[in-house]
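Bear in mind that the values in this text are calculations on the coordinates, not laboratory data. All of these numbers come straight from a predicted model, not from anything done at the bench. No Cβ is skipped: glycine too gets one built from the backbone with ideal geometry, and neighbour counts run over all protein chains shown.
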Amino acid sequence: MEVRLLEATEDPEQVICKGARNDYMSEFVGDQSFDEVMASIEGDSLEDKKETLIGHLLDHGHFGPFEHPQATFAIKGISRSCMAQITRHRHVSFDVQSMRYVSFDDVDPEDVREGELVVTPPSATDPDWVGRNQKTGSLGEEAAERREEVFNDAIENAVESYQELLDLGMPPEDARFVLPIGTEVNMVMSMNVRMLMHVADMRAAADAQWEIREMTETILDLAAEWCPITFEYYEEHMKNRKNRLAP
Ligand SMILES: Cc1cc2nc3c(=O)[nH]c(=O)nc-3n(C[C@H](O)[C@H](O)[C@H](O)COP(=O)(O)OP(=O)(O)OC[C@H]3O[C@@H](n4cnc5c(N)ncnc54)[C@H](O)[C@@H]3O)c2cc1C
């Protein structure tokens, strides 16, 4: 999996502050410099003032201003299972690679064993891996070896069947029905800062599956570089909140 920040609002925290200050100023925010907009906020420097205001907004649940800045991420090589989970978030915009361009036509099914084109969950190979809904503990090395074998055989069979169906004249868009849910996909997705915090609440949490959690943690790292005051506050005071319906 690879996650990159493709595009993002320039100076997101200035936009957040201007949006929020608009609510409590008699002057028109469009006519004011940023220094003027922030004049009444506590702090020695503009950075301090941004910290004061953003901390205050997050602390008081005033989340509207965080809907103004937006970021676009490019995601490479997640499973279709992870894609199904993240695309449940209705305020995120997506572009999803068509399966027509994930070509299994001429790959050697044995190569797929090496992790090409299908995501291999760590539990397929790690003898000590215990899933969040798993009732048993580790079943030992032998079970883990067999697990890897069964997993790889299933993938290989699926790819072979797909290729045979194509040879038998089935259209690719129908033959792909036999491909595994672990088949890799690339995605571009955009969301605003408020939504990013909501996605992180749900998908960077301990009960989220390892893959979407890994993706969300990487997004959070990129967000922390892009929008540092907000995501430092999020990390320190808000992450792992429980029972939130929305941010
Ligand atoms: C650990 C985990 C397990 C899950 N298991 C399942 C499962 O087994 N089956 C399953 O179907 N889903 C499952 N989900 C998905 C989950 O139920 C949500 O559909 C998904 O996370 C989208 O989040 P959201 O509901 O907050 O909506 P989002 O689309 O992210 O919207 C953000 C917020 O906007 C508001 N909102 C958006 N649309 C509406 C609306 N129409 N009406 C009212 N308020 C709205 C809500 O406050 C919502 O929280 C799981 C999620 C997690 C994290």
- Query: For segment 14-65 and segment 200-228, what is the separation of their C-alpha centers, rounded to whole Å?
  - Reply: 27
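Mind ordering 28-35, 181-188 by average Cβ neighbours within 10 Å, highest first?
Values: 28-35: 11.0, 181-188: 18.4.
Per-residue Cβ counts within 10 Å, averaged per peptide and sorted highest first, yield 181-188, 28-35.
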- Plugging the Kirkwood radius over Cα pairs into Stokes-Einstein for segment 148-246, at a temperature of 4 °C and a viscosity of 1.567 mPa s, what D comes out in µm²/s? 78
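What's the magnitude of the charge dipole for the chain around its Cα centre, counting Lys and Arg as +1 and Asp and Glu as -1 at the beta-carbon? Answer in Debye, nearest 20.
1280
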- Task: For the chain, with a Gaussian network of springs between Cα atoms less than 10 Å apart, report the residue from E217, E142, E164 with the top mean-square fluctuation.
- Result: E142
- Query: Label R4 and R100 with points 7 Å out from Cα along Cα→Cβ: what is the distance between them in nm?
  - Reply: 2.5
- Separation between the I181 and A205 pseudo-spin-labels, each 7 Å from Cα along Cα→Cβ, expressed in nm? 2.0
- At 7 Å along the Cα-to-beta-carbon direction for both D44 and E160, put a label point, then send me their distance in nm to one decimal. 7.2
- Query: For the chain, what does -39500 (n - 2.57) per DSSP helix run (n ≥ 4), summed and divided by total residues, give at 222 nm, in deg cm²/dmol to the nearest 500?
  - Reply: -12500 deg cm²/dmol
- Can you give me the relative contact order of the chain as a percent, contacts being Cα pairs under 8 Å and 6 or more apart? 29
- Which net charge results for the neighbourhood of V29, defined as the other residues with beta-carbon distances under 13 angstrom from its beta-carbon, given Lys and Arg at +1 and Asp and Glu at -1? -3
- Protection-proxy order for peptides 70-79, 89-98, 229-238, each taking the mean of Cβ atoms within 10 Å per residue, highest first: 70-79, 229-238, 89-98
- Could you point to the residue in Q32, P180, S161 farthest towards the positive end of the chain's charge dipole, with +1 and -1 charges on the Cβ of Lys/Arg and Asp/Glu respectively? Q32
- Query: Where q = 0.12 Å⁻¹, what log10 of I(q)/I(0) comes from the Debye formula for the chain, counting one point per Cα?
  - Reply: -0.80
- Considering the chain as a Gaussian network with a 10 Å cut-off on Cα pairs, which listed residue, D221, D153, D44, attains the greatest mean-square fluctuation? D44
